[in-house]
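**Q** One structure, as structure tokens, below. Some questions next.
The values are calculated or read from the model by the stated rules, or taken from the named source; none is laboratory data. From a predicted model like this one, the values you see are computed outputs, not experimental measurements. Cβ placement follows ideal geometry from the backbone for every residue including glycine, while neighbour counts extend to all protein chains displayed. Accessible surface areas use protein heavy atoms only, side chains included; no ligands, DNA or RNA. Shrake-Rupley method; radii C 1.70, N 1.55, O 1.52, S 1.80 Å.
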Amino acid sequence: MNSIPIYETNFSSLKFLKRGKVRDIYDLGEHLLIVATDRLSAFDVVMPQPIPDKGKVLTQISNYWFEIVKDIIPNHIVAYDVGKFPKECQPYKEQLRGRSIVVKKAKPLAVECIVRGYISGSGWNEYKKSKSICGIRLPDGLVESSKLPEPIFTPSTKAEVGHDENISFDQAASIIGKDVAEKVKEFALAIYKRATQIAETKGIIIADTKMEFGFFNGELILIDELLTPDSSRFWSTSKYKPGTGQDSFDKQFVRDYLLSINFNKQPPGPIMPDFVIQKTSELYREALKLLTGKELQ
């Protein structure tokens, strides 16, 4: 049974900080409160309707992965059990339950850290033109959705408005420093390799994923979300077939619908039919069940 979708939060006694495409952030003083709403962004445009339970799925999958890779790198989570949130959050505990986390106030890096194990999306488009992605030369003869010989680290810019742009490792190093770039590349590849091994035993291919890192008290930590259907392409191992696009447990279903109606990729987003909203919600919940073995909390 779906809970009542949350499109925007309004916790009047908390200090509102900012609203992202999906998350609303509040300043708790020493920490931040991050609330994953049920908004969905496609082609960098926030759609006008919520996807029921999406925010809860994102939060619970993220928490699952943060726990699994915490020996590789520490993360920003202070608490994800709403009962352990600060007292000023308690009046809103029912809206917060299952979809929010209290986190450290880290300073985010100014680049997105993307790892690709398969060729799809913007990487496929770039490969068709140059046989490379982000300056990394790839073998000839790859087709859409091909598995790469080895996972590759392909950073991108972080755009507040509009589209992120793929950049080379050297460009990333010029933005965040060579030592930091080397470290996040090492961490991102290690996280991806562990996660893909686990996910494949559960019927999911993680084709690619986006991670974010930041500094807290001088230490590099993992922040934001991790290995969710919003930040990754999840494909079915049983249906995987190179040479075409794949069935996905993520928002690709929405992207495909928007392409079918020739959406111009500019705000405002169109009103989506009920079957698209319902199917997308089901795909997100299925990803949670397959990965964690648990139903939505």
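**Q** Rank by packing, highest mean first: peptides 92-105, 5-18, with packing defined as the count of other Cβ atoms within 10 Å averaged across residues. Let's see the in-between values first.
**A** Details: 92-105: 19.6, 5-18: 13.9.
Peptide ranking by packing, descending: 92-105, 5-18.
**Q** Quick one: net charge of TRP124's neighbours, Cβ under 14 Å, K/R +1, D/E -1?
**A** +4
**Q** Beyond a 23 Å Cα-Cα separation, which of these cross-linked pairs lie in this structure: LYS70/LYS289; LYS147/LYS239; LYS56/LYS183; LYS21/LYS84; LYS107/LYS202; LYS18/LYS56?
**A** LYS56/LYS183; LYS21/LYS84; LYS107/LYS202
**Q** Using the per-residue mean of other Cβ atoms lying within 10 Å as a proxy for protection, in what order, highest first, do the peptides 111-119, 54-62 fall?
**A** 54-62, 111-119
**Q** Now a separate question. List the residues whose amide H sits under 5 Å from the amide H of VAL78, counting only those 5 or more places along or on another chain, with H placed 1.01 Å from N in the peptide plane.
**A** VAL102, VAL103, LYS104
**Q** What's the Cα-based Rg to Rh of the chain, Rh via Kirkwood?
**A** Here the Rg-to-Rh quotient is 0.94.
**Q** Kindly give Rg over Rh for the stretch 72-188, based on alpha-carbon atoms, with the Kirkwood expression for the hydrodynamic radius.
**A** On the way: Rg = 18.8 Å, Rh = 16.9 Å.
Radius of gyration relative to Kirkwood radius: 1.11.
**Q** Counting only protein heavy atoms, what percent of the accessible surface of the chain is carbon or sulfur at a 1.4 Å probe? Could the numbers behind the result be given before it?
**A** Working: 7190 of 14000 Å².
Roughly 51 percent of what the probe reaches on the chain is carbon or sulfur.
**Q** Please give every one of the aspartates and glutamates within straight-line cross-link reach of LYS15, meaning a C-alpha to C-alpha distance under 18 Å, and leave out same-chain neighbours fewer than 8 residues apart.
**A** Output for LYS15: ASP24, ASP27, GLU30, GLU88.
**Q** With every protein chain kept in place and ligands, DNA and RNA left out, what is the accessible area per residue of the stretch 137-236? Probe 1.4 Å, answer in Å².
**A** Here the per-residue accessible area is 45 Å².
**Q** In nm², what is the average projected area of the convex hull enclosing the Cα atoms of the stretch 220-281?
**A** Computed as one quarter of the Cα hull surface, the answer is 6.7 nm².
**Q** Would you list, by chain and number, the aspartates and glutamates whose Cα falls below 13 Å from the Cα of LYS193, excluding same-chain residues fewer than 8 positions away?
**A** Those aspartates and glutamates meeting the cut-off are GLU150, ASP208.
**Q** In addition: Run the reach check for LYS178 against aspartates and glutamates, Cα to Cα strictly under 18 Å, same-chain hits fewer than 8 apart removed. What comes back?
**A** Leaving aside aspartates and glutamates fewer than 8 places away in the same chain, those within reach of LYS178 are GLU112, ASP170, GLU186, GLU212, GLU219.
**Q** From Cα pairs below 8 angstrom and at least 6 apart in sequence, can you work out the relative contact order of the stretch 223-266, rounded to a whole percent?
**A** Details: 24 pairs, mean separation 14.0, N = 44.
The value is 32 percent.
**Q** In nanometres, what is the gap between the two model label sites at ALA190 and ASP71, each 7 Å from Cα along Cα-to-Cβ?
**A** 1.1 nm
**Q** Please label the shape of the stretch 19-95 as rounded, prolate or oblate, based on the square roots a ≥ b ≥ c of the eigenvalues of the alpha-carbon gyration tensor (a/c under 1.5 means rounded; beyond that, a/b larger than b/c means prolate, else oblate).
**A** On the way: a/c = 1.82, a/b = 1.23, b/c = 1.49.
In terms of gyration-tensor shape, oblate.
**Q** Just from the alpha-carbon atoms, what are the Rg and Dmax of the stretch 183-297 in angstroms?
**A** For the stretch 183-297, the Cα radius of gyration and maximum Cα-Cα distance read 16.3, 48 Å.
**Q** Using every Cα-Cα pair within the stretch 50-104, state what percent have a distance larger than 14 Å.
**A** Counting pairs separated by more than 14 Å, the tail of P(r) holds 57 percent.
**Q** Still on this model: Can you work out ³J(HN,Hα) from phi for every residue in the stretch 88-104, in order, using Karplus 6.51 cos²θ - 1.76 cosθ + 1.60 and θ = phi - 60°, giving whole Hz and x for Gly and Pro?
**A** With the stated coefficients, the stretch 88-104 comes to 5, 8, 4, x, 10, 4, 5, 6, 7, 4, x, 10, 9, 9, 9, 10, 5 Hz.
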